[in-house]
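The values are calculated or read from the model by the stated rules, or taken from the named source; none is laboratory data. These numbers were taken from a predicted model, which means no experiment stands behind them. Counting neighbours? That spans all protein chains shown, and the Cβs are built from the backbone with ideal geometry, glycine included. Just so you know, the surface numbers come from the protein's heavy atoms only, side chains and all, with ligands and any DNA or RNA stripped out. Shrake-Rupley method; radii C 1.70, N 1.55, O 1.52, S 1.80 Å.
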Amino acid sequence: MAGTKHIVMPIFLLVLLFLFTSSRAEQPPFSIKQHLSTVTRYSAANDGRNSNIAPAPDGCVPIHLNLVARHGTRDPTKKRIRELNNLESQLDMLIRGSVGNDSSLRKVPSWFKGWKSPWRGKVKGGGLIPEGEEELYYLGIRTRKLFSDLFSDDYSSEVYTIKATQVPRASASAVAFGMGLFSGRGSLGSDRRRAFSVISESRASDTMLRFFDCCQKYEDYRKNQEPAVDKLKEPVLDDITKSLTERYGLNFTRLHISSLWFLCKQEASLLNITNQACGLFSPSEVALLEWTDDVELFILKGYGNSLNYKMGIPLLEDVVQSMKQAIKAKEEKLVLGSYEKARLRFAHAETVVPFTCLLGLFLEGPDVGQTLREQPLQLPPQPPATRIWKGSTVAPFAGNNMLVLYNCPANLSDKYFVRVLHNEEPITMPGCDNSDFCSFKVFMENIVAPHLEHDFDTLCTVDGEEPVLEPESNADARLRSEL
């Protein structure tokens, strides 16, 4: 019996070891490029999963597509470039503060010494980089492939409407998408390119794609909330500051950590460098820093306040209007080429995130009822707890929502259905019984109608003030162009 016990115990331990190693093997390796909140590249956010869409029910045919997309990967803004330029001297001062302490100097990462910002000397910031152009170009190609029937017509600006904000990175993203969408369909050059129109509104009056700029009440809310958001981040930044100070023997401050995390995101996303600033942080520290970014996104742009997304009502109204026009064209059997088949919009995270919230995406259980009652939701839980709200998923670079309108003539109760794709993947809508394929009638009643009780001017006008739209300048007018 004693011998049997000795045999059983090693076998039991081997089984445990096998189960442990198997569970570890099933977990994908940690990739920091997937944990950069809204600085995440589209390919990292999707992890290679593009356009894995299940076919629509038999007999259902797409008749119209709405797209709301964020611009592609871009350079840091001018303000952030100045922050990175200042980081050069700050790192130098940290190293000089450790001179004479050999044990501390041995811990200092070699790249610290003499580091220069890759964006030093750039006069302008925020421009679309080549990788960002590619994100939208290939999104255009995949969109045409996925909905070939919708994009079979010859190009006309009345059939395929393309809109972008006046910000160059958004309009450039629209051009890149259009080049992919209409590639090989024209007569220009050996690649058979074709010209197409991109329409932009004045920044001062673009309540459809830059509503966040036109809503004074939101501007006031954001300005008042930013200090509270910074305060919320402080415990995480303080803990990581202490850890890195002990790890590298340098007198880091909270501001150093904030700038180094920003540098990490830019290096990983734009330059494919993960062994410098990103190498300072452990995976658990990255998860916490990512959470601070996601919480900021939640409070200032997402479900943290109903005004964040209610001000996007003009965009929702435009989407619904285009669907109703498509249904009318189908019912009246209009001639092909005489009605719109796609309305394509290119804007910013500040556009995509509120629109995503208007659709009720990334909600769980009772959250749906709270948003309809305009109650703020609880903050996303801090790691290691899992959460559904992640900036890398909700609004990465080139992040997008597609609303596809289908005609299903065999369905007797409702011939028209809506499918929502988020980043090219079908996504369930809590307002549609957690289905990604929803009857147009239910979509209107459960998702759209509750929001349409509000009016943009009423929502956004500060008490006692009349809404005022600034006149369009000559510079604004020149940006309206035929491309």
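So in the range 428-460, with the set limited to residues that are touching a residue at least 60 places away in the same chain (Cβ under 8 Å) and in a strand (DSSP E or B), which one is surrounded by the fewest Cβ atoms within 10 Å (Cβ to Cβ)? Walk me through how you get there before you give the answer.
Filtering the range 428-460 down to residues touching a residue at least 60 places away in the same chain (Cβ under 8 Å) leaves 429-431, 437, 440, 444, 447-448, 450-452, 454-456, 459-460.
Add one more test, that the residue is in a strand (DSSP E or B), and what stays is 429, 437.
Values: MET429: 24, PHE437: 19.
The selected residue is PHE437.
Among the residues making up the range 101-118, a single one is surrounded by 11 or more Cβ atoms within 10 Å (Cβ to Cβ), modelled with pLDDT of 75 or more and among the hydroxyl-bearing types (Ser, Thr, Tyr): SER117. Note on the range 113-157: among residues that are of a type in the set (A, V, I, L, M, F, W, C) and in a loop (DSSP other than H, G, I, E, B), the one that is nearest to the chain's Cα centre (by Cα) is ILE129.
Take the range 281-290 and flag every residue that is assigned to a helix (DSSP H, G or I) and either outside the structural domain of LYS116 (by the TED database) or among the small types (Gly, Ala, Ser) (or both).
SER284, ALA287
So, PRO471, is that one open to solvent by 80 Å² or more (accessible area, probe 1.4 Å), in a loop (DSSP other than H, G, I, E, B) and at pLDDT below 90 or not? Yes: the conditions hold for PRO471. Against the numbered list (1) out of contact with any Ser or Thr (no Cβ under 6 Å at 6 or more places or on another chain); (2) small (Gly, Ala, Ser); (3) crowded, with 20+ Cβ neighbours inside 10 Å, GLY72 comes up short only at (1).
Tell me whether the range 253-260 contains one or more residues that are open to solvent by 30 Å² or more (accessible area, probe 1.4 Å) and not polar (S, T, N, Q).
Step one: of the range 253-260, the residues open to solvent by 30 Å² or more (accessible area, probe 1.4 Å) are 253-255, 258.
Those still in the list that are not polar (S, T, N, Q) too: 254-255.
The answer is yes, given that some residue of the range 253-260 is open to solvent by 30 Å² or more (accessible area, probe 1.4 Å) and not polar (S, T, N, Q).
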